[in-house]
Amino acid sequence: MMAVPQAISNLQLRRAFRGYAAELMDCVETRSDAVVYVIDDNDRGISCFAGAEAAVSGCFIGLNPANHELHLLSIDNGLFKSPEGGVADCALIHADLFAFVEFKSNAEGKTQDSVTYTYEKAISQLEHTLEMFNAKLADIGLDFRKAVEVVCHIIVSPIFPRQSAMEMNYCMRFAIDNGVELSFDNQRIFSHTDNQNHTERTMTNENLMTAAEAQQWVESREWANGWSVNADKSIDALEFANQYHRNKALWDKLFKFLAETDPMTLEAGKKIVLEEGRLWINVLEYTPKSAEETKIESHRNFVDLQYTYEGNELMGVAGKVTPINEYDPVKDRTNYSTDEEIVYSPAPADRFFLYFPKDMHQPSVRSVENPGISRKLVGKIEYAK
């Protein structure tokens with residue numbers, strides 16, 4: 001008989017779900033690779049581990065730098081057989097972190113109404129699963145969300161017509177209603193250190209600012225650390241405030257460097273690392289191109305700070321977009337096209353721009369026919385998920 005992994009034993013999951021459609025350990029797979037890939041296998045009808053080739057097909061990725069044991073619990077059609085109300089597809093379990101995952105394919109959403117229906121259906125399934133696990137563990141005397149950090153993911157395929165503003169609103173509402181983080185990102189880091197830091201950085205619901213309070217906070221400049229450049233009004237003040245307070249030491253380090261450094265003294269092409277793997281600045285020099293020649297982009301793991309200290313250019317933000325390539329995890333970038341109008345803002349030397357993972361942005365578009373040379377700093381700041 002397979003030994004019960006410690007992470008599952010700690011939560012007494014076999015005891016909690018005794019008598020269900022399947023023996024719990026028959027629904028568990030275990031791997032300890034540095035990166036694991038989870039897919040919803042249509043042929044098998046369950047979620048399961050897959051090879052690295054799954055990385056381009058809308059899978060869930062578990063980043064496991066310490067090579068801990070990660071346990072995949074198949075829930076829908078595994079532990080449960082077609083339960084009323086629906087359940088999440090699976091959970092990826094680590095000693096400190098329990099991540100529920102619900103997969104949705106592009107076939108389920110091609111219009112505004114169907115996107116909304118798909119998201120709300122996925123959220124309902126996740127909420128139902130949370131309720132079941134909370135209740136079953138409470139029956140045996142355990143508080144599920146005190147025993148382990150619980151998070152939820154909705155995974156959509158790369159060509160799903162996603163709408164970032166809608167996703168952000170769903171995430172915020174889910175956290176308020178359930179006390180659990182919801183993410184549309186397709187990856188999660190599983191490590192003792194990361195999850196401890198994540199918990200410390202995450203603002204509680206009681207501490208979340210309103211949009212008006214966040215705007216006042218931005219205007220107060222208490223974040224600036226002496227840097228005299230202003231935040232452009234196009235910046236999402238609420239996201240800026242949340243990210244700053246979740247990663248305050250990192251943002252303070254960035255703004256302190258900018259306050260103390262004359263960008264004109266920096267060498268073009270240089271990468272200035274302020275904290276390895278988490279915070280750096282690229283020094284760029286280039287000739288801006290037309291909008292037609294400039295790609296729309298977004299990033300998953302880093303926030304962009306863009307500051308043009310010399311040049312004639314615009315910064316654009318797109319609404320509804322269509323991906324034109326798969327996400328590149330090395331460059332942390334997806335590119336897009338759009339048939340809709342892009343909103344542009346001038347980028348003078350007295351203001352900077354921030355672009356979060358939800359922001360489909362088109363940077364460095366020339367503002368005049370012959371713009372000359374632009375000089376820019378692009379800061380890359382780890383995104384606190």
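We did not get these values from a lab; they are worked out from the coordinates using the rules stated. Just so it is clear, the model here is predicted, and its values are computed rather than measured. So basically every Cβ, Gly included, is an ideal-geometry build from the backbone, and we count neighbours across all protein chains shown.
Assorted remarks:
- Extreme residue, positive dipole direction of the stretch 6-95, given options Pro65, Gln12, Leu92 (C-beta unit charges): Gln12
- Fluctuation leader among Arg44, Arg173, Arg366 - the chain, Gaussian network, Cα springs under 10 angstrom: Arg44
- Qualifying lysines (Cα of each under 30 Å from Cα of Lys320; at least 8 residues distant if same chain): Lys104, Lys110, Lys121, Lys233, Lys289, Lys295, Lys331, Lys358, Lys376, Lys380, Lys385
- In the stretch 221-326, taking the dipole from charged Cβ atoms about the Cα centre, the farthest positive-side position among Leu254, Thr265, Ala291 is held by Leu254.
- Value of relative contact order over the chain, rounded to a whole percent, pairs C-alpha under 8 Å and six or more apart: 14 percent
- Gain in span if fully extended, Leu63 to Arg44, counting 0.36 nm per residue against the direct Cα distance: 4.4 nm
- Kirkwood Rh (inverse of mean 1/r, distinct Cα pairs), the chain, angstrom: 22.4 Å
- Expected 222 nm ellipticity per residue - DSSP helices of 4 or more, -39500 (n - 2.57), all of the chain, to 500: -8000 deg cm²/dmol
- Karplus-derived HN-Hα couplings along the stretch 84-97 (A = 6.51, B = -1.76, C = 1.60, θ = phi - 60°), whole Hz, x at Gly and Pro: 4, x, x, 9, 5, 5, 6, 9, 9, 10, 10, 3, 10, 9
- Dipole size of the stretch 205-382 about its Cα centre, with +1 on Lys/Arg Cβ and -1 on Asp/Glu Cβ: approximately 340 debye, rounded to the nearest 20.
- Ranked by the mean number of other Cβ atoms within 10 Å per residue, highest first, peptides 348-358, 137-147 order as 348-358, 137-147.
- Cβ-placed point charges (K, R +1; D, E -1), dipole of the chain about Cα centre in debye, nearest 20: 440 debye
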